[in-house]
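The values are calculated or read from the model by the stated rules, or taken from the named source; none is laboratory data. Here the structure is a predicted model, which means the values were calculated and not measured. Every residue, glycine among them, receives a Cβ derived from its backbone with ideal geometry; neighbour counts consider all protein chains shown. SASA here: full protein model, heavy atoms, side chains in, ligands and nucleic acids out. Shrake-Rupley method; radii C 1.70, N 1.55, O 1.52, S 1.80 Å.
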Amino acid sequence: MADHTGGSRADVELRIPAEGAYASVVRTTAAGLAARLDFTIDDIEDLRIAIGEATALAMPAADPGTDLVACFHFGAGALTVTLETEAVDEPPLDTESFAWQVLDTMAQDASAGPEGGRFHVRFTVTSSVAAGMTGAEL
């Protein structure tokens with residue numbers, strides 16, 4: 001798998017069949033990692049929603065019988081997620097789709113689309129605690 005995070009190895013990498021039935025495994029893994037990074041419950045729920053929409057973008061683009069690889073990179077109060085799958089036909093990203101609109105709203109630095117025979121979705125979710133938000137802003 002190509003590394004798209006500036007050369008650093010993923011802190012956690014998960015490989016699953018690129019089928020909708022496995023989307024919950026990615027959501028659960030992401031939630032567990034965010035909890036270890038001291039994300040709030042609201043932040044974790046936002047991440048779960050973002051993961052759900054990202055898998056809704058990536059899985060239909062996948063070639064039949066291929067895997068979805070989820071890479072998780074830890075940052076200071078942030079989690080960057082990359083979902084990638086083989087997609088020889090390189091389907092374009094529908095930026096008008098509900099899944100993209102939700103992902104783009106819930107996450108920072110969201111990007112998606114075909115790239116060298118693969119389809120990727122990449123985004124970052126930041127902890128509200130790390131962002132310095134007070135109780136009134138939460």
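In table form, for the structure just shown:
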| read-out | value |
| --- | --- |
| Test: residue in the stretch 121-130 that is open to solvent by less than 70 Å² (accessible area, probe 1.4 Å), of a type in the set (F, W, Y) and not in a helix (DSSP H, G or I) | yes |
| Unique match (being over 24 Å from F98 (Cα atoms) and either part of a helix (DSSP H, G or I) or among the basic types (K, R) (or both)) among L33, L14 | L33 |
| Per-region count, the stretch 103-120, residues outside any strand (DSSP E or B) and either at negative phi or in contact with a strand residue (DSSP E or B) (Cβ under 6 Å, 6 or more places away or on another chain) (or both) | 5 |
| Residue match in the stretch 12-23 (condition: of a type in the set (S, T, Y), more than 13 Å from A107 (Cβ to Cβ) and open to solvent by less than 70 Å² (accessible area, probe 1.4 Å)) | no |
| Filter result for D38 (more than 15 Å from the chain's Cα centre (by Cα), at negative phi and either polar (S, T, N, Q) or assigned to a loop (DSSP other than H, G, I, E, B) (or both)) | no |
| Residues of the stretch 13-34 classified as over 9 Å from V69 (Cα atoms) and among the charged types (D, E, K, R), total | 2 |
| Answer residue from the stretch 82-102, given it is outside any helix (DSSP H, G or I) and among the aliphatic types (A, V, I, L, M) and is modelled with the highest pLDDT among those | L83 |
| Among (1) within 17 Å of S128 (Cβ to Cβ); (2) open to solvent by less than 80 Å² (accessible area, probe 1.4 Å); (3) without any contact (Cβ under 8 Å) to a residue 12 or more places away in the chain; (4) β-branched (V, I, T) - the single one I49 does not satisfy | (3) |
| Filtered residues of the stretch 93-111 (kept if more than 12 Å from the chain's Cα centre (by Cα) and open to solvent by 60 Å² or more (accessible area, probe 1.4 Å)) | D94, T95, E96, F98, Q101, T105 |
| A34 being among the small types (G, A, S) and buried (at least 18 other Cβ atoms within 10 Å of the Cβ) | yes |
